[in-house]
1. Return, for the Cα atoms of the stretch 104-221, the radius of gyration and Dmax in Å, separated by a comma.
2. For the stretch 172-184, what does the Karplus curve 6.51 cos²θ - 1.76 cosθ + 1.60, with θ = phi - 60°, yield as ³J(HN,Hα) per residue in whole Hz, taken in order and with x for Gly and Pro?
3. Do you know the relative contact order of the chain, to the nearest whole percent, from alpha carbon pairs under 8 angstrom that are 6+ apart?
4. Quick one: which residues, 5 or more positions from residue 150 or on another chain, have an amide H under 5 Å from its amide H? H modelled 1.01 Å from N in the peptide plane, none for Pro or chain starts.
5. Under 5 Å between amide H atoms, partner at least 5 residues away or on a different chain: which partners does residue 65 have, H built in plane at 1.01 Å?
6. Check which residues have an amide H placed less than 5 Å from residue 234's amide H, if you skip close sequence neighbours.
7. Would you kindly state the longest site-free stretch of the chain, with sites defined as GluC sites (Glu not before Pro) in a DSSP loop (not H, G, I, E, B) surrounded by at most 11 other Cβ atoms within 10 Å?
8. Report the Stokes-Einstein translational diffusion coefficient (µm² s⁻¹, integer) for the stretch 166-250, Rh taken as the Kirkwood radius over Cα pairs, at 37 °C with viscosity 0.692 mPa s.
Amino acid sequence: MIRKYEAGIVHTHFIAVASIFFLRVINLFRAEKCLVVRHLHNPYELNRPVVEYMKKTLAHVDVSIGCSKAVADDYDLKKKDKKEKVEFATNAIEFSRLNDYEILDRKTLEIEEKSFVLLVYGFDYFRKGIDILINAVSQLVNDNVNICLIISFANNRNFGENEIRKQFGKIPSWIKPVKPRNDIATYYRFSDAFISSSRSEGFCYSLVEAAYCGTQTIASSIFAQKDLNIPYTFQYSVEDIPDLKKQIVAAIAVDKDERRRRAMIQKDYVIRTFDLDKWADTIAGIYKKEKGF
């Protein structure tokens with residue numbers, strides 16, 4: 001394919017080290033070398049020194065592009081290859097898919113009309129900090145705060161529900177596990193707030209999506225989420241349960257008129273900031289700079 005299309009740039013994403021090594025072998029036999037670009041979608045996890053040395057020697061890339069400034073900065077501190085350049089292009093969102101949604105009924109999900117509905121995605125139970133969030137919400141419920149936690153699980157639903165049962169002996173009535181949906185805007189628009197309680201993120205699409213849908217946003221203050229700079233996001237220190245409770249209570253206290261006002265500002269911000277054309281221009285700019293166009 002490289003020969004067929006006379007490719008001058010190969011942008012890799014979600015491929016193994018062996019594939020990058022293969023690209024390097026191909027480059028040995030080409031008069032015009034390909035620029036090998038790797039896209040980093042999460043904070044980089046260092047391997048054993050010998051493995052990192054093998055990667056640097058046999059499967060090095062010319063440029064690594066972080067999906068956020070936080071990811072790029074993290075990798076720049078860890079990388080072993082001094083010749084490798086590090087850039088970032090903040091991820092973008094295809095917003096049009098968020099315009100299709102269903103109106104859900106609280107009675108169908110057995111949720112009280114006056115409950116504050118908090119949504120979280122729980123496909124990676126511990127990395128997403130679901131354990132921390134459940135502890136915080138449990139304490140609020142014990143303090144007579146009327147709150148319902150919706151957890152959208154993917155293929156790890158059994159694992160997540162088992163972790164909850166270990167803690168409470170059953171699934172408490174204030175936790176509602178739900179299946180994932182393609183029309184994800186349905187859950188955002190049904191909820192009063194969306195929370196990303198993650199211990200680690202590369203770029204949190206869901207916070208941007210929630211803001212577009214007019215849902216209040218709550219987030220742990222890891223760098224990748226702070227860098228989003230979404231207005232009116234309630235942020236708390238990672239794994240700090242008292243701080244998390246404080247931010248949830250603050251979100252509950254915002255009245256409907258103020259929510260609507262903030263929602264308009266948030267939506268305008270994310271549309272301008274996470275635009276696909278803007279992302280494409282940034283990527284193209286990196287290509288041009290590195291290839292000398």
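Only the coordinates and a few stated rules stand behind these numbers; no lab work does. It should be emphasised that the depicted structure is a prediction, and the values quoted were computed from it without experimental measurement. Methodologically, a virtual Cβ is constructed for each residue, glycine included, from the backbone with ideal geometry; neighbour enumeration extends over all protein chains shown.
1. In Å, with Rg to one decimal and Dmax whole: 13.3, 37.
2. x, 5, 7, 10, 10, x, 10, 7, x, 10, 6, 8, 5
3. On the way: 463 pairs, mean separation 49.5, N = 293.
For the chain, the relative contact order is 17 percent.
4. Residues meeting the amide H criterion: 118, 119, 120, 176.
5. Answer set, sorted by chain and number: 38, 39, 40, 87.
6. Those qualifying (amide H under 5 Å, at least 5 residues apart or on another chain) are 217, 218, 219.
7. Details: sites that count: 6, 32, 45, 94, 110, 113.
Excluding the exposed sites themselves, the longest stretch runs over 114-293.
8. Working: Rh = 13.9 Å.
It diffuses with D of about 236 µm²/s by this estimate.
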